[in-house]
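Chemist: Handing you this structure, nothing more for now.
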Amino acid sequence: MVDLATLTVSATVDVGLGAHGIALGDDGRLAYVTNAHAGSLSVIDLAERNVIANVPTGRGPNGVAVEPP
């Protein structure tokens, strides 16, 4: 995570191996990260700065997009 005011790293969140694609939810509360080597998608609660779910995707997920409901 990057503090946009200072352009410094403010926190890190461990996700699966090969973190690659990232998308933000429409309300800015969640981030979604594909893990290419782990074959999963991590869902991150940005306020709590932790992974709240890991979803198996199959081999080599690359990009990710989020569509509002």
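No value in this document is a laboratory result; all are computed from the given coordinates. Values in this document were obtained by computation on a predicted structure and should not be read as measured data. No Cβ is skipped: glycine too gets one built from the backbone with ideal geometry, and neighbour counts run over all protein chains shown.
Chemist: List every residue pair whose Cβ atoms sit under 8 Å apart, with the two residues 6 or more apart in sequence or on different chains, where the first one lies in region 40-69 and is free of Cβ contacts under 8 Å to residues at least 12 places away in the same chain and under 16 Å from residue 20 (Cβ atoms) and the second, anywhere, is among the hydroxyl-bearing types (Ser, Thr, Tyr) and surrounded by 12 or more Cβ atoms within 10 Å (Cβ to Cβ).
Modeler: Once the first residue is free of Cβ contacts under 8 Å to residues at least 12 places away in the same chain and under 16 Å from residue 20 (Cβ atoms) and sits in region 40-69, no partner that is among the hydroxyl-bearing types (Ser, Thr, Tyr) and surrounded by 12 or more Cβ atoms within 10 Å (Cβ to Cβ) comes close enough.
Chemist: List pairs: first in region 1-24 and touching a residue at least 24 places away in the same chain (Cβ under 8 Å), second assigned to a loop (DSSP other than H, G, I, E, B) and of a type in the set (Gly, Ala, Ser), Cβ under 6 Å, 6+ apart or cross-chain?
Modeler: Correct list of pairs: 1/10; 1/11; 16/38; 20/36; 21/63; 23/65.
Chemist: Regarding residue 8, is this residue more than 11 Å from the chain's Cα centre (by Cα), of a type outside the set (Gly, Ala, Ser) and surrounded by 14 or more Cβ atoms within 10 Å (Cβ to Cβ)?
Modeler: Values: more than 11 Å from the chain's Cα centre (by Cα): yes; of a type outside the set (Gly, Ala, Ser): yes; surrounded by 14 or more Cβ atoms within 10 Å (Cβ to Cβ): no.
No, not satisfied.
Chemist: Please find, among 23, 36, 19, the residue that is among the small types (Gly, Ala, Ser) and over 9 Å from the mean Cα position of the chain (by Cα).
Modeler: 36
Chemist: Mind listing whichever residues of region 56-69 are within 14 Å of residue 27 (Cβ to Cβ) and touching a strand residue (DSSP E or B) at 6+ places or on another chain (Cβ under 9 Å)? Break it down into steps so the answer makes sense when it comes.
Modeler: From region 56-69, those within 14 Å of residue 27 (Cβ to Cβ) are 66-69; that's our starting set.
The one that is within 14 Å of residue 27 (Cβ to Cβ) and touching a strand residue (DSSP E or B) at 6+ places or on another chain (Cβ under 9 Å): 66.
Chemist: Now, a different point. Can you go through 53, 47, 38 and tell me which one is surrounded by 16 or more Cβ atoms within 10 Å (Cβ to Cβ) and either in a loop (DSSP other than H, G, I, E, B) or touching a strand residue (DSSP E or B) at 6+ places or on another chain (Cβ under 9 Å) (or both)?
Modeler: Numbers: 53 fails: surrounded by 16 or more Cβ atoms within 10 Å (Cβ to Cβ); 47 fails: surrounded by 16 or more Cβ atoms within 10 Å (Cβ to Cβ).
Going through 53, 47, 38 in turn, the sole match is 38.
Chemist: Right, here's the next one. Report yes if some residue within region 34-51 is within 10 Å of residue 64 (Cβ to Cβ) and in contact with a His (Cβ under 8 Å, 6 or more places away or on another chain); otherwise report no.
Modeler: yes
Chemist: Can you tell me which residue is surrounded by the fewest Cβ atoms within 10 Å (Cβ to Cβ) among those in region 11-33 that are within 27 Å of residue 69 (Cβ to Cβ) and out of contact with any strand residue (DSSP E or B) (no Cβ under 9 Å at 6 or more places or on another chain)? I'd like the intermediate steps shown before the answer.
Modeler: Within region 11-33, the subset within 27 Å of residue 69 (Cβ to Cβ) is 13, 15-16, 19-33.
The next check asks that each one be out of contact with any strand residue (DSSP E or B) (no Cβ under 9 Å at 6 or more places or on another chain); those that pass are 26-28.
Numbers: 26: 11, 27: 7, 28: 9.
Residue satisfying both the conditions and the ranking: 27.
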